[in-house]
Amino acid sequence: MDDTKSLFKQTGLLIFGILFLSSSPVQSQVMDHSSMNMEENEMKDRDKTDRMKDIQNMGDMKHTDTMAVMKGKMIFQMSCFLCHGRKGEGDGPVSMFIGPYSHPRPNNFTSGIFKFRSTESGDLPMLTDLMRTIREGIPGYMPSFRNLGEDGIKSVAMYIAKEFIQEELPTTTTIKYVKHHGPYTYSAKSAWRGSLLFKIMKCNECHGNDGKAGRMDLKDERSLMIHPVDLTRQETFGNGTSHEDIYRTIMTGLDGTPMPGYNDSFAGEEESAWDLVHFILSLQGR
Amino acid sequence: MSMKQSGNLFEFYLKIVTLFFLVGLITLLSSFPAEAIPAFSRKYDMSCTSCHTKPPRLNAFGEAFHMSGYQIPQTTEGELRKKRQIGRIHSEIEVLNIFALRATGNFAESFSGGNPVETNLALPREIELYFGGTFTDDISYFFNLAHETKVIEGSDPTDTHRYGHFKEKSEFGLGKEFFLMFDLNASLFGTPSGAMSKAMIMGPMLMVGKVDPSTNFSYSTNRQFVINAPGRLDKDTGHIQRFTLTPYAFASKFFGLTKGDGKSLEVTRSVLYNSAGDFGLDIHAMIAGKYMIQTGIMQGIEAGTSDVNEKKDPYVMARINFGGTHYFSGSVSGLLNWGNDTAMLDKHLIDWFRYGFAGNLKYKLLDIYGAIIWDKLSGLPSNTAATFDDTAMGFTIEGDLLVTDQHLLSLRYDHMISGGRIRDKADGKVLTFQLRKYYRDNFAIFIRDSVNVERVSDNPLQNFRNLIAVGIDIDF
């Protein structure tokens with residue numbers, strides 16, 4: 001037994017020595033930082049040499065964009081990767097613990113499927129959509145990163161767009177957003193009309209007549225179990241709880257989930273969507 | 001009927017009533033779907049499993065959150081909307097955002113094969129109240145109040161540093177940890193870690209108080225799915241009949257040692273760097289999200305606020321994280337720890353050198369972690385050379401698998417090659433299997449079976465064959 005212990009002891013000391021000598025933090029920092037340091041050095045060099053040029057070309061945003069994307073990369077690779085994975089594929093080390101055997105899982109940005117958009121179902125989101133999700137987070141699952149500030153938030157969104165989506169994001173949407181004022185503000189009559197629409201448009205088939213949804217088992221695009229949202233509990237609304245958020249969710253749907261967009265159904269009568277919003281609000285006593 | 005008999009009868013009925021209460025509570029909670037009412041997460045509106053594989057074990061995000069001083073990595077003070085600002089101080093408006101409760105323990109357990117055979121009905125043995133959060137962007141705090149029953153510790157040294165006498169007691173008070181954590185990044189680099197440090201360094205974080213440095217180790221002492229199983233004393237003589245069952249890697253491992261104050265040190269007590277909390281000062285920093293260096297000093301083995309020998313126990317730990325795609329992550333850690341005149345043998349203060357490694361691999365819903373720790377004593381009295389073994393080794397490895405949303409399987413193996421008085425010492429090998437059923441992310445009941453795979457003997461390390469227990473783990 002003493003021989004075994006001695007062997008363990010010597011082996012341990014040897015491994016420890018190797019670990020400390022070969023991977024000391026200072027050395028590791030240099031190794032790991034090599035690419036980042038190169039980028040930072042490039043940034044500094046560029047700062048020095050191109051500053052005058054930048055001032056002369058204030059209208060050219062490309063340099064600013066590059067800087068922003070680099071900043072976004074730093075933030076993403078220090079924090080966001082834990083869920084979304086270093087390559088943005090939604091396979092970070094924490095990913096499966098968030099939704100072990102059921103929806104949701106962190107988004108795979110390379111798939112081109114985005115749940116939270118203000119664009120048509122099937123389209124890519126606008127940059128502002130990505131920014132809104134980063135800023136507001138997703139209740140229950142993704143924290144709000146509003147304290148990054150608007151610049152930081154935009155940087156991360158730009159990095160995601162450039163590095164993972166790799167397509168030009170739309171800058172406008174074809175969906176008509178009717179402003180929530182005047183005749184389209186809340187009224188009991190509007191909510192009543194909404195209750196009729198709720199059944200006509202078969203919302204109740206998933207969300208139930210009382211909006212409480214029950215335990216209907218559906219599947220998302222990854223074949224993970226997903227339950228319809230309980231419309232009486234606003235804290236479960238991933239896409240936001242404001243009047244406008246609910247309107248947007250109805251019109252765009254939630255891609256990757258069974259929730260379709262109803263933009264086509266409301267074509268030419270978009271203001272009627274507010275009736276549905278008001279009915280949902282009434283279910284929450286709001 | 002004697003007073004003693006009536007007292008025992010009352011205790012029996014109390015346990016039965018408690019058992020019914022717990023069964024009722026479980027039945028009630030079973031009717032709810034599995035979802036989180038997490039503790040820290042109330043503030044950030046996130047589920048328990050954003051930071052935990054399952055509470056209390058941290059996943060990579062939880063480790064980064066803890067490392068950042070209880071803030072979402074790369075943000076300062078996370079979500080501020082629920083806070084009131086008074087000068088630089090951010091004051092929580094919602095008390096529940098800083099307050100959490102954990103109750104854990106067996107409510108039925110049976111030790112067989114040893115002497116004596118024992119079956120207990122009990123209340124959860126440990127109840128803790130946690131308070132944690134941030135005062136400012138760069139100052140965070142954590143403290144807990146704990147009530148723990150049937151704690152075995154060395155008895156008062158009335159018979160002058162004689163090893164082998166213990167007592168059983170209940171404790172209430174400041175618990176395993178209470179500390180302030182300062183983010184020194186702002187002082188060194190101009191911005192708090194969360195505000196995009198240009199050096200890509202998270203921290204350095206300075207922790208002062210009663211700290212658990214092993215939280216940063218690849219295998220943290222204080223985050224066990226398989227909770228410690230209670231030891232047993234002969235209350236009349238103070239002799240220990242069965243040691244508390246803990247992860248052996250972190251245990252003291254030596255038979256015959258006393259602490260600096262002369263109280264007997266339980267062989268399975270987690271000590272030094274791997275204690276679950278002790279007075280000290282800790283500095284750690286994470287570089288590029290991958291490389292951690294940690295150093296600090298601790299007061300001494302449970303020396304409390306009164307320093308026995310005025311010498312500190314320094315340590316240094318290095319850790320490398322890897323992975324980050326394909327649902328994979330891992331880390332390895334190396335530890336050097338010097339216990340400076342930190343324990344006693346026959347009234348002589350002795351030094352204690354501890355070193356070891358820990359590793360962790362997570363792939364999808366499988367989490368494997370282990371540690372191997374060696375201990376070497378020096379400065380022993382010369383007359384003990386032939387009777388005292390000054391080296392020891394402990395090894396613990398655990399694997400956890402979430403087999404469904406609600407079921408967690410754990411398998412743990414503990415191995416101790418003990419040191420200490422040769423006439424007393426024995427080795428330990430224990431294999432534990434456990435199934436946890438989560439009714440919610442923060443409420444689990446478990447059933448476990450720990451098997452002593454060494455021979456059964458009267459030695460307190462080997463004095464059982466089988467421990468079967470049913471218990472609960474509640475976080476709110």
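The values are calculated or read from the model by the stated rules, or taken from the named source; none is laboratory data. Nothing here was measured: the structure is a model prediction, and the numbers come from that model. Using ideal geometry, Cβ is built from the backbone for each residue, glycine included, and neighbour counts are taken over all protein chains shown. For the accessible areas, the whole protein counts, side chains as well, though only heavy atoms, and no ligand, DNA or RNA atoms are used. Shrake-Rupley method; radii C 1.70, N 1.55, O 1.52, S 1.80 Å.
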query: With charges only on Cβ, +1 for K and R and -1 for D and E, what is the dipole size of the stretch B:32-475 about its Cα centre, in debye, rounded to 20?
result: 620 debye
- request: Mind jotting down the distance between the C-alpha centroids of the stretch B:336-377 and the stretch B:248-286, whole Å?
  value: 9 Å
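In debye to the nearest 20, how big a dipole does the stretch A:57-178 give about its Cα centre with +1 on each Lys and Arg Cβ and -1 on each Asp and Glu Cβ?
Magnitude of the dipole: close to 280 debye.
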query: What ³J(HN,Hα) values, in whole Hz, does the Karplus curve 6.51 cos²θ - 1.76 cosθ + 1.60 give for the stretch A:179-196 when θ = phi - 60°, with x put for Gly and Pro?
result: 5, 8, 8, x, x, 9, 7, 5, 8, 4, 5, 4, 5, 5, 4, x, 5, 5
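Return the carbon/sulfur percentage of the accessible area of the stretch A:188-283, one whole number, probe 1.4 Å, all protein chains in place.
Answer for the stretch A:188-283 is 54 percent, counting heavy atoms of protein chains only.
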task: Using Cα pairs closer than 8 Å and at least 6 residues apart in sequence, work out the relative contact order for the stretch A:173-269, in percent.
output: 18 percent
- prompt: Which loop-located GluC sites (Glu not before Pro) does the stretch A:102-196 contain, where loop means any DSSP state but H, G, I, E or B and the Cβ has at most 13 other Cβ atoms within 10 Å?
  reply: A:Glu167, A:Glu168
- request: Amide H neighbours of B:Phe388 under 5 Å, at least 5 residues apart or on other chains, H built in the peptide plane: list them.
  value: B:Ile422
- request: Using only atoms on other chains, find how many Cβ atoms lie within 10 Å of each Cβ of peptide A:261-267 and report the average.
  value: 0
message: Which residue, A:His84, A:Leu124, A:Ile165, has the largest displacement toward the positive end of the dipole of the stretch A:81-165 when charges sit on each Cβ (Lys, Arg +1; Asp, Glu -1)?
response: A:His84
query: What order do you get for B:463-475, A:87-99 when each peptide is scored by the mean count of other beta carbon atoms within 10 Å, highest first?
result: A:87-99, B:463-475
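Applying a 10 Å radius around every beta-carbon, put A:243-251, A:201-209, B:96-104 in order of their mean neighbour count, most first.
Working: A:243-251: 21.4, A:201-209: 15.1, B:96-104: 17.8.
Highest to lowest by the protection proxy: A:243-251, B:96-104, A:201-209.
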query: In nanometres, what is the gap between the two model label sites at A:Arg286 and B:Leu188, each 7 Å from Cα along Cα-to-Cβ?
result: 4.5 nm
- line: Mean Cβ-within-10 Å packing, highest first, puts peptides B:54-61, B:109-116, A:172-179 in the order B:54-61, B:109-116, A:172-179
field: the stretch B:32-475: mean projected area of Cα convex hull, nm²
entry: 20.8 nm²
statement: Expected integer from the mean partner chain Cβ neighbour count at 10 Å over B:64-72 is 2
field: Calculated FRET value between B:Ala385 and A:Met216, using beta carbons and R₀ = 60 Å, to 0.05
entry: 0.20
field: Average beta-carbon neighbours from other chains, 10 Å sphere, peptide B:395-402
entry: 1
- request: With 30 Å as the limit, write out which pairs from B:Lys54/B:Lys311; A:Lys71/B:Lys290; B:Lys43/B:Lys253; A:Lys219/B:Lys290; B:Lys167/B:Lys362; A:Lys87/A:Lys154 have Cα-Cα distances beyond it, or answer none.
  value: B:Lys54/B:Lys311; B:Lys43/B:Lys253; A:Lys219/B:Lys290; B:Lys167/B:Lys362
Three-way shape label, the stretch A:81-165, alpha-carbon gyration tensor, a/c 1.5: rounded
task: Using only the alpha carbons of the stretch B:164-290, determine the length spanned along each of the three principal axes and report them from longest to shortest in whole angstroms.
output: 62, 25, 24
- request: Using a/c under 1.5 as the rounded threshold, could you call the stretch A:222-286 rounded, prolate or oblate? The axes a ≥ b ≥ c are square roots of the C-alpha gyration tensor eigenvalues, and prolate needs a/b larger than b/c, oblate otherwise.
  value: oblate
field: Pairwise burial A:B, computed as accessible area of each alone minus the pair, summed, 1.4 Å, Å²
entry: 5400 Å²
message: P(r) for the stretch B:230-361, please, calculated from all Cα pair distances in 10 Å bins and given in %.
response: 12, 36, 30, 16, 6, 1
message: Using the crude model of +1 on Lys and Arg Cβ and -1 on Asp and Glu Cβ, and no other charge, please compute the dipole size for the stretch B:293-366 relative to its Cα centre, in debye to 20.
response: 540 debye
